[in-house]
Amino acid sequence: MKINEIKLEKVVGLNSKIPSNNMKEFVLVGRSNVGKSSFINAISNRKNYAHTSSTPGKTRTINYYLVNNKFYIVDLPGYGFAKASIEEQNNWATFINKYLKTSDMIEEIILIVDIRHKPSVKDCQMFSFIVSATGYEPIVIATKLDKIKKSGVNSKISDIRNELGATENCEIIPFSSENKDGTKDVLKLLSVIME
Ligand SMILES: Nc1nc2c(ncn2[C@@H]2O[C@H](COP(=O)(O)OP(=O)(O)OP(=O)(O)O)[C@@H](O)[C@H]2O)c(=O)[nH]1
Ligand SMILES: [Mg+2]
């Protein structure tokens with residue numbers, strides 16, 4: 001699959017009603033600044049269509065990107081943003097909860113983690129939460145691959161698997177938005193899921 005067309009179609013605040021869509025949704029979750037928006041740009045071959053920033057907390061709304069007029073990629077605000085107020089952080093958790101329960105168009109949840117580090121407590125909680133809420137493990141994207149040595153990739157991936165408590169079947173894809181490594185694997189997986 002190739003992403004020929006991507007369009008930011010809906011922007012929704014955390015307190016707004018969750019849109020009911022008639023196309024499948026692929027949802028990106030991950031801590032603030034991990035690279036969710038960059039991931040969207042990389043797989044769709046755009047520069048800064050999904051706004052990115054080195055300052056955490058760039059994405060503060062739920063952004064629905066319509067891809068090839070066929071499915072949505074949903075970019076969520078990151079969790080664990082230290083500067084967000086407790087109220088904002090609670091809103092986020094409440095929203096995710098509500099979203100997972102309300103939307104019946106969620107096709108797949110994609111958890112983005114940083115390949116350099118062991119998943120944080122919040123990453124692990126998110127992973128378990130997704131499993132208990134949906135009955136399925138999310139796809140895990142281990143991003144910022146360009147920042148580690150090639151020889152270290154396998155051991156990083158197995159550390160991430162162990163720490164998250166993911167099964168051997170759980171897809172963990174090494175990825176870099178910087179040099180686009182892993183894009184083919186991601187697009188292949190999306191097309192298999194969309195079949
Ligand atoms: N080297 C490198 N930098 C990356 C990669 N992905 C993201 N970044 C950088 O990490 C920073 C955060 O990226 P974003 O895509 O804005 O992160 P986000 O997860 O959308 O953050 P929030 O919107 O705050 O939740 C930016 O400075 C990006 O350039 C990557 O694969 N490699
Ligand atoms: Mg973002």
Nearest 500 deg cm²/dmol is fine: what mean residue ellipticity at 222 nm does the chain get from its DSSP H runs of n ≥ 4 alone, each adding -39,500 (n - 2.57), divided by its residue count? -10000 deg cm²/dmol
Local charge sum around THR134 (other residues, Cβ-Cβ under 13 Å, Lys/Arg +1, Asp/Glu -1)? -4
With every protein chain left in place, what is the accessible area of HIS51 in Å² (1.4 Å probe, nearest 10)? 110 Å²
Of the DSSP beta bridges with both residues in the chain, give the percent that are antiparallel, rounding to the nearest 5. 35 percent
With every protein chain in place, what's the accessible area of SER128 (1.4 Å probe, Å², nearest 10)? 60 Å²
From a point 7 Å beyond the Cα of LYS7 in the direction of its Cβ, which residues of the stretch 17-57 have a backbone N at a distance under 11 Å? none
When the charge dipole of the stretch 59-195 is computed with +1 at the Cβ of Lys and Arg and -1 at the Cβ of Asp and Glu, the Cα pointing farthest to the positive end, of VAL192, ASN69, ILE110, is that of ILE110
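Scanning the chain for helices, which whole DSSP H stretches are 18 Å or more long along the axis (Cα) and average 0.5 or more by Kyte-Doolittle? Before the final figure, lay out each step's value.
Working: long enough: 86-102 (23 Å, -0.88); 121-134 (20 Å, 0.82).
Taking the DSSP H segments of the chain (at least 18 Å long, mean hydropathy at least 0.5), we get 121-134.
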Gain on full stretching of the segment that runs from ASN91 to SER128 - 0.36 nm per residue minus C-alpha separation: 11.4 nm
Could you compute Rg(Cα) / (2.2 N^0.38 Å) for the stretch 6-190, with N its residue count? 0.96
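The values are calculated or read from the model by the stated rules, or taken from the named source; none is laboratory data. What you are looking at is a predicted structure, and each value in this text was computed from that prediction instead of being measured. Glycine also receives a Cβ, built like all others from the backbone with ideal geometry; neighbour counts cover every protein chain displayed. These accessible areas exclude ligands, DNA and RNA; they are computed on the full protein's heavy atoms, side chains included. Shrake-Rupley method; radii C 1.70, N 1.55, O 1.52, S 1.80 Å.
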